[in-house]
Amino acid sequence: MKLLLINPNSSPLMTEGIAEAARRVAAPGTEIVATQPSFGPASIEGHYDDVFGAAGVLEQLRLAALPAPDAVVIACFGDPGLDAAREATAAPVLGTAEAAFHVASMLATGFSVVTTMTRTCVIAEHLVMKYGFERRCRGIHGTDIPVLALETPDEAVVARVEAAAREALARDRSGAIVLGCAGMAGLCGTLQQRLGVPVIDGVAAAVKLAEGLVGLGLRTSKLGDYAEPLPKLYRGWAGPLGW
């Protein structure tokens, strides 16, 4: 199967790191095609960045229309453009936050999220409510690590994430940690070993769930709000994104 992995920020180095994490868990025969938008922010650390990241996701999905991917993963914890992407393709589209929440809820009665900038915690809170995990997510904790510091994380970065995770486990009385940034994917194995609890990377979780959906022969419903976008004129730089 062909899996399109879209990093919604415009950092090639982060795209490479996310792709490497995806390939480590992908099944034989799964081709990971990783890409990032041709425009937009180098990192997504707020609502303003998120809007441009969502547009970039749709740009890359439109460019990949022929041949169409078998599944799509949006590799940003804010899941930017997820619903729009599901309109634009019948292939299963998974966001890393949604995938991570589902997996965590299968491994523990409660989980905590450890993310990057504290200002983005509210975005994760909105997603917890949107996806219906209010009773399972016991806390969302910011480390104030800039996203781009995760391109080449040193031991100091790992230590800060580990410390935040230990505090979250104790304060929230949770049994698992969800990493709240796709850029943290490379830290998952180390943190799981140190913490002794399930540590869920949304990139890996989304890849494996996508493979499962494709294996089951399931596609995105085109009945209702995920029907194809209505044809209309798009002006200016967005012209090529029109349906």
Among (1) surrounded by fewer than 22 Cβ atoms within 10 Å (Cβ to Cβ); (2) closer than 27 Å to HIS47 by Cβ; (3) of a type outside the set (Phe, Trp, Tyr); (4) modelled with pLDDT of 95 or more - the single one PRO153 does not satisfy: (4)
Considering residues of the stretch 1-60 that are part of a loop (DSSP other than H, G, I, E, B) and aliphatic (A, V, I, L, M) only, the residue surrounded by the fewest Cβ atoms within 10 Å (Cβ to Cβ): ALA27
Some residue of the stretch 217-238 being at pLDDT below 95, outside any loop (DSSP other than H, G, I, E, B) and either surrounded by 11 or more Cβ atoms within 10 Å (Cβ to Cβ) or not assigned by TED's automatic domain parsing to the domain that holds VAL72 (or both): yes
Strands (runs of 3 or more DSSP E) (entirely within the stretch 102-216) containing at least 1 residues that are among the charged types (D, E, K, R): 137-142, 199-201
Any hit, the stretch 187-207, residues being at positive phi and either at pLDDT 95 or above or assigned by TED's automatic domain parsing to the domain that holds ALA85 (or both): yes
Breaking point among (1) without any contact (Cβ under 8 Å) to a residue 24 or more places away in the chain; (2) under 17 Å from the mean Cα position of the chain (by Cα); (3) more than 22 Å from CYS121 (Cβ to Cβ), for LEU66: (2)
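For the stretch 98-116, how many residues meet the condition of being surrounded by 14 or more Cβ atoms within 10 Å (Cβ to Cβ), within 24 Å of ASP83 (Cβ to Cβ) and not acidic (Asp, Glu)?
11
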Checklist (1) in contact (Cβ under 8 Å) with a residue 40 or more places away in the chain; (2) not assigned by TED's automatic domain parsing to the domain that holds ALA176 applied to HIS102, failing item: (2)
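The values are calculated or read from the model by the stated rules, or taken from the named source; none is laboratory data. Here the structure is a predicted model, which is why all the values come from computation and not from measurement. A quick note on method: Cβ atoms are made from the backbone with ideal geometry, for glycine too, and the neighbour counts reach across all protein chains shown.
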